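First comes the structure, then the notes that go with it.
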Amino acid sequence: MDARLEAIRDTVLARNPGEGEFHQAVTEVLESLGPVHDRHPEFLEGAVLERLCEPERQIIFRVPWVDDAGRFQINRGFRVEFNSALGPFKGGLRFHPSVNLGIVKFLGFEQIFKNALTGMPIGGGKGGSDFDPRGRSDAEIMRFCQSFMTELYRHIGEYTDVPAGDIGVGGREIGYLFGQYKRITNRYESGVLTGKGISWGGSLVRPEATGYGTVIFAEEMLKTRGLSFDGQRVVVSGSGNVAINAIAKAQSLGATVVACSDSSGYVVDEAGIDVALLRQIKEVERGRLKDYGIRRSAVDYVDGGSVWDLDATVALPCATQNELDGAAAARLVRNGLLAVGEGANMPSTREAVAVFQDAGVLFGPGKAANAGGVATSALEMQQNASRDSWSFAHTEERLTEIMVGIHDRCAATADEYGDPGNYVLGANIGGFVKVADAMLAQGLI
Ligand code: NDP
Ligand code: 2IT
């Protein structure tokens, strides 16, 4: 790492002890930015990096709620409003027992660059709670969401901060959150949340957008080598919103997705994942992937283990951070891996990324490859602002244009900085320069 940036990185690490994922995300971005600072000394003089690594505002709050048995439950809520140089803070809410401040900060930090890459007017933020939705009734989910919003509402707004979904937060949760926001504020402020239901201000394609976008990005990477998804053997991790829609899109382009996972195990379906059955089990019944193995013939369910033990020509990690390590990456590379598209945020460890890049595997980092979700959230905001709603075809076309644009910008930036094909460099520099220019123009804030 450039010595000037290393000193800044060391200060960030010392100021934020114990936040391993945040340290990892900051280190990975700063490692790319040395050449930018040679060309732009004004970024150092303006202390852009020091400011960028310190969130504009961090909110931590108590979320008290009552479970179905009448017991009082207490969770912790977070919203980290990281950077608003390009627009209102924008980013998802994650409900998962692993959520802590370091995880929310890593996600919020990544979101700044991702959102800049989309070309849309959105800043970066993230939030969530250590609440575990697993096994909770609808009524419990609703009471939790209402309590969470009873504190969060005072910090958000269509011109301030616009949350959406992430792990454990989908259309159902956004509905309960929106209802409570409307009730407290007495305003039908559609633009305060994205991922809304289609009949009350949501956008078509938003549910599909992250998974579709990841596959569109990976297809553009494959095209640079004269390849496509057609005929590829694909392994996907996760079986949530991003994974299911990535599977659907990859198969529509002629790939066979042979496996997907949840946190309990994975299924191997050599005939190609049956997306309708997967949706029925995961989205309608909110069941476990194990049921897929029971209900479809010629499918193996592996309890525990890692889906990355399987061979693939294209890997789409769509579950969670640091799920794919250096050893798994090396094994995938030995067995013919061509490309990786990160549907999740930071799913590959730093060692895994190095293995992929050293082997010449096409590697699309999350902040570029999974930007389709937040980009379509920005399209939802655009529709809300104009009180309009677009067709599926039009919205999907916009998503495709945006993803192809992100791919091309990352590739062109990597070329410009002398490292063709390095999408990590392209994404980090491309996102950073846009935010840094805006921060300098807006003065010391
Ligand atoms: P969902 O809650 O819909 O699905 C998450 C999936 O990942 C589930 O299959 C879950 O399994 C699995 N998973 C979650 N945590 C773990 C863990 N610690 N270990 C193993 N498996 C795990 O979330 P999404 O699909 O929305 O999100 C997936 C990833 O994509 C996240 O990294 C998220 O940040 C990222 N992302 C999401 C976007 C969106 O629009 N939703 C946009 C951009 C990125 P189980 O059910 O067993 O917990
Ligand atoms: O990580 C992400 O980009 C998301 N969870 C989507 C955020 C959004 O505001 O749509």
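Coordinate-derived values only; no laboratory data. As the structure is a computational prediction, the values presented were derived from the model and not from experiment. For neighbour counting, all protein chains shown are included, and Cβ atoms are generated from backbone atoms with ideal geometry for every residue, glycine included.
Per-structure values
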read-out: Rg/Rh ratio calculated on Cα atoms of the range 309-445 (Kirkwood radius); value: 1.04
read-out: Estimated FRET transfer efficiency when R0 is 22 angstrom, pair Glu151-Ser98 (beta carbons, to 0.05); value: 0.55
read-out: Cα radius of gyration and Dmax for the range 154-312 (Å); value: 18.2, 55
read-out: Fraction of antiparallel bridges per DSSP, the chain only, in percent to nearest 5; value: 55 percent
read-out: Over the chain - Rg/Rh using Cα atoms and the Kirkwood inverse-distance radius; value: 0.95
read-out: Helix runs (DSSP H) in the chain reaching 15 Å along axis by Cα, Kyte-Doolittle at least 1.0; value: 423-441
read-out: The range 1-114 pair-distance distribution - Cα-Cα, 5 Å bins, rounded %; value: 2, 10, 19, 21, 17, 12, 7, 5, 3, 2, 1, 1, 0
read-out: Among the listed pairs Lys90/Lys114; Lys105/Lys126; Lys223/Lys434; Lys367/Lys434; Lys196/Lys290, those beyond 19 Å (Cα-Cα); value: Lys223/Lys434; Lys196/Lys290
read-out: Whole-angstrom gap from the range 61-86 to the range 1-56, using each part's C-alpha centre; value: 29 Å
read-out: Whole-number percent relative contact order across the range 132-250, with pairs defined as alpha carbons under 8 Å at least 6 apart; value: 21 percent
read-out: Label zone at Thr27, where the point sits 7 Å out along the Cα-to-Cβ direction: the range 333-376 residues whose backbone N lies under 20 Å; value: 345-359, 365-367
read-out: Cα-based radius of gyration of the range 274-342 once divided by 2.2 N^0.38 Å, which approximates compact folds; value: 1.26
read-out: Cα centroid separation, the range 372-445 to the range 93-128 (Å); value: 15 Å
read-out: Highest to lowest packing among 295-307, 226-238, 368-380, scored as the average C-beta count within 10 Å; value: 368-380, 226-238, 295-307
read-out: Percentage relative contact order, the chain, counting C-alpha pairs under 8 Å, at least six apart; value: 15 percent
